[in-house]
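Let me begin by presenting the structure, written as structure tokens, before commenting on it.
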Amino acid sequence: MSDSDRRLDKFLPFQLAIASGVMSDIVFAACDDRFRLTIPEWRLIASLGDASQLAQIDLVRSTSLDKVAVNRACKALMNRGYLIRSPHSSDRRSHLLELSDTGKMLFINIWSQADKIADQMFACFTSHEIQKMQKILGKLLQSTVELQNVSGTRHRRRSPDQTSAISPNENQSATIDGTRSYVTQLTEC
């Protein structure tokens, strides 16, 4: 394998990780000041706003967070009045979680903000390109989940303490600026 074959700018998983990280950072930074949620909390709010009622294990799957991070985020959101917990009718060991009325209003406000940012991010794509990208990403997600199931491994995430209080700072801003420059170089619209 030649050196040119090992370049990160040609390694699609790296490119996708960078793009995903930058997009998540941009959305989170825009929402952080206004809503004061951690990344796990905002993922739970988004998942429950989309699905209405889920068990914690379903939130682990839908958010790609570990059980501890989901549990901590659930407790924090319940303490702030954003979540309601009710018994699970078919599994006595589990509970169902849903957004309270206050949580639903929070979801609507977050979604409105995130939707505006997404429109800006994808303004350089045609609707056909966006549909094609969604189809490709769906296939990629299915493939990676299957690979994960076959290998019997789950990627280790940062510990909940590392993800629970991320907020933009000078280092993160420098990373975002450097990454934005890298992404712009690769994918100018």
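The values are calculated or read from the model by the stated rules, or taken from the named source; none is laboratory data. Since we're looking at a predicted model, the values are computed, not measured. Don't worry about glycine lacking a Cβ; one is built from the backbone with ideal geometry, like all the others, and counts go over all protein chains shown.
Checking Met78, Met23 one by one, the residue that is of a type in the set (A, V, I, L, M), assigned to a helix (DSSP H, G or I) and in contact with a strand residue (DSSP E or B) (Cβ under 8 Å, 6 or more places away or on another chain) is Met78 and no other. Residues being closer than 22 Å to Ile26 by Cα, aliphatic (A, V, I, L, M) and modelled with pLDDT of 90 or more are entirely absent from segment 162-169. Applying the criterion of being among the hydroxyl-bearing types (Ser, Thr, Tyr) and without any contact (Cβ under 8 Å) to a residue 12 or more places away in the chain to the residues of segment 44-90, the residue that is farthest from Ser100 (Cα to Cα) is Ser90. State yes or no: is His88 over 26 Å from Arg36 (Cβ atoms), surrounded by 12 or more Cβ atoms within 10 Å (Cβ to Cβ) and modelled with pLDDT under 90? Judged against the criteria, His88 is a match. Does segment 31-54 hold any residues that are hydrophobic (A, V, I, L, M, F, W, C) and surrounded by fewer than 16 Cβ atoms within 10 Å (Cβ to Cβ), and which are they? Once the filter is applied, which keeps residues that are hydrophobic (A, V, I, L, M, F, W, C) and surrounded by fewer than 16 Cβ atoms within 10 Å (Cβ to Cβ), segment 31-54 yields Phe35, Ala51. Residues in segment 116-149 that are charged (D, E, K, R) and under 27 Å from Ala29 (Cβ atoms): Lys116, Asp119, Glu129. Just checking, which of Ala55, Ala76, Ala51 is out of contact with any helix residue (DSSP H, G or I) (no Cβ under 9 Å at 6 or more places or on another chain) and of a type in the set (Gly, Ala, Ser)? Unique residue meeting the criteria: Ala55. Of all residues being in a loop (DSSP other than H, G, I, E, B) and either among the aliphatic types (A, V, I, L, M) or more than 22 Å from Val22 (Cβ to Cβ) (or both) in segment 118-155, which is modelled with the lowest pLDDT? Just the residue, please. By that ranking, first place goes to Arg154.
Within segment 89-104, the set of residues being part of a loop (DSSP other than H, G, I, E, B) and small (Gly, Ala, Ser) comprises Ser89, Ser90, Ser94, Ser100.
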